[in-house]
Amino acid sequence: MTTPTDASFYKPVSFSETVITELMIPSYSNFGGKIHGGILLSLMDKVAYVCAAKHAGNYCVTASIDTVDFLAPVEVGDLVSLMASVNYVGKTSLVVGIKVISENIKTNTVHHTNTSYFTMVAKDEDNQPVIVPGLVLENRTQVRRFLEARRRKQLKHNYKQEADKIVMPDDEELCREMLEGERCTIA
Ligand SMILES: CC(C)(COP(=O)(O)OP(=O)(O)OC[C@H]1O[C@@H](n2cnc3c(N)ncnc32)[C@H](O)[C@@H]1OP(=O)(O)O)[C@@H](O)C(=O)NCCC(=O)NCCS
């Protein structure tokens with residue numbers, strides 16, 4: 001019998017595709033009258049969780065978020081829709097791609113506010129990472145997204161190795177040289 005924890009168990013991307021639409025109310029706004037970035041992050045985390053947990057058939061946690069660039073401000077009164085789908089699965093982790101759009105219902109204008117990738121890890125009852133079902137890719141877009149997510153994972157690994165090479169020199173003079181041209185000064 002196959003269960004969601006069997007490595008042979010696969011689910012199609014469409015099984016867990018999730019859309020959340022929320023009205024941007026005045027209490028979500030900052031002093032500038034625009035919607036707080038944190039409100040959008042919270043909604044993204046929510047939709048990522050729903051999508052991931054549905055695919056995993058288990059409780060999931062957010063392990064990392066791959067870049068959040070806010071491309072356009074969101075206004076009070078806008079409808080924000082977050083579209084999420086599983087782009088990639090590893091062993092116990094999966095990547096949820098999220099596209100966020102905001103819509104002005106009076107003018108019918110739509111803005112793409114951001115696209116981000118949440119890595120979620122499935123957990124069992126003992127809070128240990130647990131294997132997630134494989135992914136059935138149903139069209140070319142889903143194949144492309146899977147390949148792109150795998151590439152991002154490799155790049156992130158390379159980036160970490162490169163970033164770890166940055167060393168703090170003992171020699172203060174060398175420090176000053178390295179900081180030349182930067183807007184800082186050593187007191
Ligand atoms: C993320 C977490 C589950 C990793 O646990 P761990 O014991 O280090 O597990 P592992 O090293 O076995 O990694 C499990 C999987 O997570 C992935 N992973 C771990 N850290 C990751 C990171 N920073 N970014 C992306 N993937 C990560 C691993 O690649 C692995 O994937 P795979 O099984 O598909 O190959 C654990 O650190 C955790 O629970 N963190 C807190 C999560 C949380 O509370 N989130 C809410 C934030 S408020």
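Here, each number is a calculation from the coordinates, and none is a lab measurement. In this text, all values refer to a predicted model and were calculated from it rather than measured experimentally. Every residue, glycine as well, gets a Cβ built from its backbone with ideal geometry; the counts of neighbours run over all protein chains shown.
Filter region 92-110 for residues that are in contact (Cβ under 8 Å) with a residue 40 or more places away in the chain and within 18 Å of Thr67 (Cβ to Cβ); which is farthest from the ligand (Cβ to nearest atom)? If you could, list the steps in order and put the result at the bottom.
First pass over region 92-110, keeping only residues in contact (Cβ under 8 Å) with a residue 40 or more places away in the chain: 92, 94-98, 100, 102.
Subsequent filtering for residues that are within 18 Å of Thr67 (Cβ to Cβ) retains 94-98, 100.
Values: Leu94: 7, Val95: 8, Val96: 12, Gly97: 14, Ile98: 15, Val100: 19 Å.
Residue satisfying both the conditions and the ranking: Val100.
Name every residue in region 55-87 that is charged (D, E, K, R) and crowded, with 17+ Cβ neighbours inside 10 Å, in order of residue number. Working first, answer last.
Just the residues of region 55-87 that are charged (D, E, K, R), to begin with: 66, 69, 75, 78.
Within region 55-87, Asp78 is the sole residue that qualifies.
Could you run through region 56-83 and say how many residues are within 13 Å of the ligand (Cβ to nearest atom) and either more than 12 Å from the chain's Cα centre (by Cα) or within 15 Å of Met120 (Cβ to Cβ) (or both)? Outline the logic, then answer.
First, pick out the residues of region 56-83 that are within 13 Å of the ligand (Cβ to nearest atom): 56, 58-67.
Applying the additional criterion that residues be either more than 12 Å from the chain's Cα centre (by Cα) or within 15 Å of Met120 (Cβ to Cβ) (or both) yields 56, 58-66.
Matching residues across region 56-83 total 10.
Determine if region 149-171 includes at least one residue that is within 28 Å of Pro12 (Cα to Cα), surrounded by 19 or more Cβ atoms within 10 Å (Cβ to Cβ), of a type outside the set (Val, Ile, Thr) and touching a strand residue (DSSP E or B) at 6+ places or on another chain (Cβ under 8 Å). Even if it seems obvious, please write down each step before you answer.
Restricting attention to region 149-171, the residues satisfying the condition of being within 28 Å of Pro12 (Cα to Cα) are 149-157.
With the extra rule that they be surrounded by 19 or more Cβ atoms within 10 Å (Cβ to Cβ), the set shrinks to 149.
Filter once more, keeping what is of a type outside the set (Val, Ile, Thr): 149.
Imposing the further condition that a residue be touching a strand residue (DSSP E or B) at 6+ places or on another chain (Cβ under 8 Å) reduces the set to 149.
Yes, region 149-171 contains at least one residue that is within 28 Å of Pro12 (Cα to Cα), surrounded by 19 or more Cβ atoms within 10 Å (Cβ to Cβ), of a type outside the set (Val, Ile, Thr) and touching a strand residue (DSSP E or B) at 6+ places or on another chain (Cβ under 8 Å).
Have a look at Thr113, Thr119, Thr141 and point out the one that is of a type in the set (S, T, N, Q), free of Cβ contacts under 8 Å to residues at least 40 places away in the same chain and either away from the ligand (no atom under 16 Å from the Cβ) or assigned to a strand (DSSP E or B) (or both).
On the way: Thr113 fails: free of Cβ contacts under 8 Å to residues at least 40 places away in the same chain; Thr119 fails: free of Cβ contacts under 8 Å to residues at least 40 places away in the same chain.
Criteria check complete, one pass: Thr141.
Has region 25-42 got any residue that is within 14 Å of Val89 (Cα to Cα) and either in contact with a Gly (Cβ under 8 Å, 6 or more places away or on another chain) or surrounded by 13 or more Cβ atoms within 10 Å (Cβ to Cβ) (or both)? Lay out the reasoning, then the answer.
Pass one, region 25-42, residues within 14 Å of Val89 (Cα to Cα): none.
The answer is no, given that none of the residues of region 25-42 is within 14 Å of Val89 (Cα to Cα) and either in contact with a Gly (Cβ under 8 Å, 6 or more places away or on another chain) or surrounded by 13 or more Cβ atoms within 10 Å (Cβ to Cβ) (or both).
State the number of residues belonging to region 172-187 that are surrounded by 11 or more Cβ atoms within 10 Å (Cβ to Cβ) and either of a type outside the set (A, V, I, L, M) or within 26 Å of Thr119 (Cα to Cα) (or both). Walk me through it before giving the result.
Here is the first cut: in region 172-187, the residues surrounded by 11 or more Cβ atoms within 10 Å (Cβ to Cβ) are 174-176, 178-179.
Subset that is either of a type outside the set (A, V, I, L, M) or within 26 Å of Thr119 (Cα to Cα) (or both): 175-176.
Within region 172-187, residues that are surrounded by 11 or more Cβ atoms within 10 Å (Cβ to Cβ) and either of a type outside the set (A, V, I, L, M) or within 26 Å of Thr119 (Cα to Cα) (or both) number 2.
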